[in-house]
Amino acid sequence: MALQRQLLKKALGEAKTKIGGSRFCQRPSLCGSFSTVPSSAADHEAALPLLPPFDYEPKPYNGPRGDVVFQKRKKFLGPSLFHYYQNPLNIVEGKMQYLFDENGRRYLDAFAGIVTVSCGHCHPEVLNAIMEQSKLLQHATTIYLHHAIADFAEALASKMPGNLKVVYFVNSGTEANELAMLMARLYSGSLDMISLRNAYHGGSSNTIGLTALNTWKYPIPQGEIHHVVNPDPYHGIFGSDAKSYAKDVQDHIDYGTSGKVAGFISETIQGVGGAVELVPGYLKLVYDIVRKAGGVCIADEVQTGFGRTGSHYWGFETQGVIPDIVTMAKGIGNGLPLGAVVTTPEIASVLAQKIQFNTFGGNPVCSAGGLAVLRVIDKEKRQVHCADVGSHLLGRLRDLQQRYEIIGDVRGRGLMVGIELVTDRKEKTPAKAETTVLFEKLRELGVLVGKGGLHGNVFRIKPPMCFTKDDADFLVDALDYSMSKL
């Protein structure tokens with residue numbers, strides 16, 4: 001921690017020196033990476049990466065300043081809340097792939113509100129659908145008929161393979177995974193659930209059990225949950241050997257259960273765990289093992305769904321499987337509190353034995369907004385766009401990896417990318433202090449990324465899906481510039 005503080009102090013001091021002797025840009029939203037342009041160091045000016053032009057002027061902000069908001073947040077909100085950056089940003093406006101702070105400074109949002117903004121901040125077609133529905137009816141619940149929820153469910157079911165045709169709407173990914181686990185246990189008649197180490201499936205008292213990162217788990221009973229070895233090509237003990245990882249699942253069933261299980265749940269690319277894509281062929285083997293043990297297979301598509309991976313609409317399709325239950329949230333609503341569970345009629349029928357109800361699930365406003373999201377993704381061909389821009393981004397990042405030893409791994413698909421930073425490539429030692437320094441430097445340059453992995457040493461690049469090649473170039477140039485200063 002002492003080294004981390006020392007490096008961070010040095011980096012921030014350098015950044016303040018660069019910004020201090022400068023003149024302000026008259027239109028910060030249209031300026032480059034800084035809202036200031038150096039006046040006394042022309043030789044450094046060309047080296048500074050510049051934000052791509054963006055013809056949009058944010059509205060003047062007259063609300064409370066960041067320090068006031070921060071004090072109020074600390075006083076009235078729970079102490080478990082965390083914030084990014086030594087001096088937290090007061091973000092007051094968003095437009096497509098960009099965010100604006102209280103001073104009108106523009107930032108490239110490469111994290112999309114934690115992989116939630118799919119179409120873009122304040123996308124006009126999504127906004128219009130939300131506002132028009134809000135003028136007519138905001139809430140009524142499913143005890144009455146309304147076309148919005150039925151239209152949305154029909155559109156969502158049309159995106160699913162096989163017999164995945166029954167939709168339940170909820171309000172978040174955690175809720176979706178809670179409901180999926182309930183379905184699995186009722187349908188199978190068993191309690192034992194299998195999850196991967198390094199997984200994140202939510203923070204409620206039940207889904208904490210499925211989650212397998214100690215930073216997100218409280219010391220409470222986690223139920224009948226088995227965490228199997230993670231099929232991680234970079235860190236995994238079996239490398240890229242899918243059969244050896246699958247055997248661990250079989251061993252857990254043989255030695256840790258009655259021989260019968262309720263289900264298996266996994267992300268295809270682990271999000272919070274640091275953009276870890278599962279070893280190819282793994283899910284086919286495991287789905288077969290789990291089904292033979294009487295369990296159902298659940299795909300958590302909260303972060304990978306809706307074309308973000310580029311190559312496929314759903315992450316599970318990259319593994320050539322069809323799950324029994326699919327959970328989704330985040331990008332489904334472009335920022336609306338919306339989630340869904342899609343399953344087969346047979347599995348869905350088990351919930352009919354009691355009353356299953358969600359007050360806000362599928363309310364008219366969220367349904368109208370969610371349907372607009374699906375239409376925008378199709379209309380703007382965002383899946384193809386993610387494949388194209390993602391390929392460009394990954395290529396440039398791998399070129400950068402050849403120049404900087406600190407980059408241990410570059411991984412992902414489409415616009416779901418991870419950059420793991422290490423101090424030793426052979427030992428893969430997490431570069432915790434250096435990650436913190438680079439994180440702050442990127443913010444100074446106008447780039448907002450996420451962090452993930454157990455040690456927080458993986459940059460998560462998961463921007464709104466309108467992110468362009470110019471944005472990708474700026475991000476890589478900013479990373480290059482920052483690493484050159486370490």
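Residues in the stretch 99-122 that are farther than 24 Å from ARG413 by Cβ and either among the hydroxyl-bearing types (Ser, Thr, Tyr) or under 19 Å from the mean Cα position of the chain (by Cα) (or both): LEU99, TYR107, CYS122. Scanning the stretch 72-89 for residues that are exposed (fewer than 11 other Cβ atoms within 10 Å of the Cβ) and either among the aliphatic types (A, V, I, L, M) or in contact (Cβ under 8 Å) with a residue 24 or more places away in the chain (or both) yields LEU77, LEU81. Figure legend. Inter-residue proximity from the stretch 187-204: first residues assigned by the TED database to the domain that holds GLN303, second residues open to solvent by 30 Å² or more (accessible area, probe 1.4 Å) and among the aromatic types (Phe, Trp, Tyr), beta-carbon distance below 8 Å, spacing 6+ or different chains. Indicated pairs: TYR200/TRP216; GLY203/TRP216. Looking at this structure, is GLU93 in contact with a helix residue (DSSP H, G or I) (Cβ under 7 Å, 6 or more places away or on another chain), at pLDDT 95 or above, open to solvent by 20 Å² or more (accessible area, probe 1.4 Å) and not assigned by the TED database to the domain that holds ALA368? In short, no. The single condition among (1) surrounded by fewer than 24 Cβ atoms within 10 Å (Cβ to Cβ); (2) within 22 Å of the chain's Cα centre (by Cα) that GLY274 does not satisfy is (1). For residues in the stretch 240-259 being touching an Asp or Glu at 6+ places or on another chain (Cβ under 9 Å) and part of a loop (DSSP other than H, G, I, E, B), which is surrounded by the most Cβ atoms within 10 Å (Cβ to Cβ)? Here the answer is THR257.
Given the structure, is ARG398 of a type outside the set (Asp, Glu), more than 25 Å from GLN86 (Cα to Cα) and not assigned by the TED database to the domain that holds VAL279?
Details: of a type outside the set (Asp, Glu): yes; more than 25 Å from GLN86 (Cα to Cα): yes; not assigned by the TED database to the domain that holds VAL279: yes.
Criteria met by ARG398.
Restricting attention to the stretch 198-223, the residues that are in a loop (DSSP other than H, G, I, E, B) and surrounded by 13 or more Cβ atoms within 10 Å (Cβ to Cβ) add up to 15.
Screening VAL92, VAL69, VAL126 for residues that are touching a residue at least 60 places away in the same chain (Cβ under 8 Å) and β-branched (Val, Ile, Thr) leaves exactly one candidate, VAL126.
Does THR468 fit the bill of being surrounded by fewer than 21 Cβ atoms within 10 Å (Cβ to Cβ) and β-branched (Val, Ile, Thr)? Here the answer is yes, as THR468 does meet what is asked.
The values are calculated or read from the model by the stated rules, or taken from the named source; none is laboratory data. All of these numbers come straight from a predicted model, not from anything done at the bench. Please note: Cβ atoms are built from the backbone with ideal geometry, for glycine as well, and neighbour counts cover all protein chains shown. Quick note on the areas: whole protein, heavy atoms, side chains included, nothing else; ligands and nucleic acids left out. Shrake-Rupley method; radii C 1.70, N 1.55, O 1.52, S 1.80 Å.
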